[in-house]
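Take a look at the structure below.
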Amino acid sequence: MVVCRFLGNACLELISEKDHIIVDPTFLSEPKKGIESIFLTHHHPDHTNLEKIMEIGKQFSNKTKDLEIYGPECIHEEFDLDFTLILPGSKIDLNVGYVKVFDNNCWKAEDCVAYLIEMEGKKILHTADSADYSKELKGIKDQVDLCFIACFEDNFQDYLGFLRNLNLKFAIPYHFTSEKQEGAKKLVEFLKENNLNTKFLAIGEEIEL
């Protein structure tokens, strides 16, 4: 079983029996203790926050292991942070599973990446805040169990086109604060009207795969 927790903004916490990671840790709801790895998609402040990263290290990391941090080149250019540089096409092994790195197109963000995370045989796709998806992302042939997708209303048709192209089981809108959750609810209704499996996940809620 994999527990997927949405913690606000584009922050996902993924927990399995052997692995515990967090992606874009600008969380509004606290993660659980035991985090082993942090994955960053790009340098924008609603995706990368040094104070939150330090907070994870002090309060929420697995104290028996060194906390690993991964991110693209734009993180190095923007932050004084000790991390492992990753490139599109990279594959990072987890304890049981892996993270594949994909080129991504995010608004005013060079070197943005997306992550396809495999845990316990389940595949979860984190698309940062993209609506203009790279050829590599559009070309994913693996069955995606769960795709987290941004929810800006101007881009609903872009999200729909991308999701229809995936071999997808389920989609959940994310990338919002409590003040902007209505946009996610609207996207859920829009996707349902277009025959896609989806649901609304509030900040702090989780789903099990």
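The values are calculated or read from the model by the stated rules, or taken from the named source; none is laboratory data. Computed from a prediction, not measured in an experiment: that's the story for all the values here. Neighbour counts are summed over all protein chains in view; Cβ atoms, including those assigned to glycine, are modelled from backbone coordinates with ideal geometry.
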Filter the stretch 139-158 down to residues that are in contact with a helix residue (DSSP H, G or I) (Cβ under 6 Å, 6 or more places away or on another chain) and not aromatic (Phe, Trp, Tyr) and give me whichever is surrounded by the most Cβ atoms within 10 Å (Cβ to Cβ).
Ile149
Meets criteria (crowded, with 16+ Cβ neighbours inside 10 Å, under 25 Å from Ala202 (Cα atoms) and modelled with pLDDT under 95) for Cys106
yes
So Asp19 ticks every box in (1) under 22 Å from Ser130 (Cβ atoms); (2) at pLDDT 95 or above; (3) not polar (S, T, N, Q) but one. Which box is left unticked?
(1)
On the basis of being basic (Lys, Arg), without any contact (Cβ under 8 Å) to a residue 24 or more places away in the chain and surrounded by fewer than 20 Cβ atoms within 10 Å (Cβ to Cβ), does Lys18 make the cut?
no
Looking only at the stretch 113-136, decide whether some residue is aromatic (Phe, Trp, Tyr), under 23 Å from Asn49 (Cβ atoms), modelled with pLDDT of 95 or more and surrounded by 16 or more Cβ atoms within 10 Å (Cβ to Cβ).
yes
Can we say Glu30 is within 18 Å of Ile203 (Cα to Cα) and either of a type in the set (S, T, N, Q) or out of contact with any Lys or Arg (no Cβ under 6 Å at 6 or more places or on another chain) (or both)?
yes
Residues in the stretch 85-94: is at least one touching a Leu at 6+ places or on another chain (Cβ under 6 Å), at pLDDT 95 or above and under 12 Å from Ile38 (Cα atoms)?
no
Test set (1) modelled with pLDDT under 95; (2) crowded, with 21+ Cβ neighbours inside 10 Å - Pro45 fails condition number
(2)
Give the residues of the stretch 55-90 that are more than 21 Å from Glu30 (Cα to Cα), of a type outside the set (Asp, Glu) and under 19 Å from the mean Cα position of the chain (by Cα), sorted by residue number.
Gly71, Pro72, Cys74, Ile75, Phe83, Thr84, Leu85, Ile86, Leu87, Pro88, Gly89, Ser90
When you go through (1) closer than 23 Å to Leu14 by Cα; (2) among the charged types (D, E, K, R); (3) free of Cβ contacts under 8 Å to residues at least 60 places away in the same chain one by one for Glu205, which number turns out not to apply?
(3)
Please name all residue pairs, on different chains or six or more residues apart, with Cβ atoms under 8 Å, provided the first residue is in the stretch 39-64 and is within 16 Å of Leu7 (Cα to Cα) and the second residue is assigned to a helix (DSSP H, G or I).
Leu40/Ile75; Thr48/Ile75; Thr48/Glu78
Single unsatisfied condition, Ala114 versus (1) among the hydrophobic types (A, V, I, L, M, F, W, C); (2) touching a Cys at 6+ places or on another chain (Cβ under 8 Å); (3) not in a helix (DSSP H, G or I):
(2)
Among the strands (runs of 3 or more DSSP E) contained in the stretch 1-110, which hold 1 or more residues that are under 18 Å from His175 (Cβ atoms)?
3-6, 12-15, 20-23, 37-39, 68-71, 97-103
Per-region count, the stretch 48-100, residues within 30 Å of Gln143 (Cβ to Cβ) and touching a Pro at 6+ places or on another chain (Cβ under 9 Å):
6
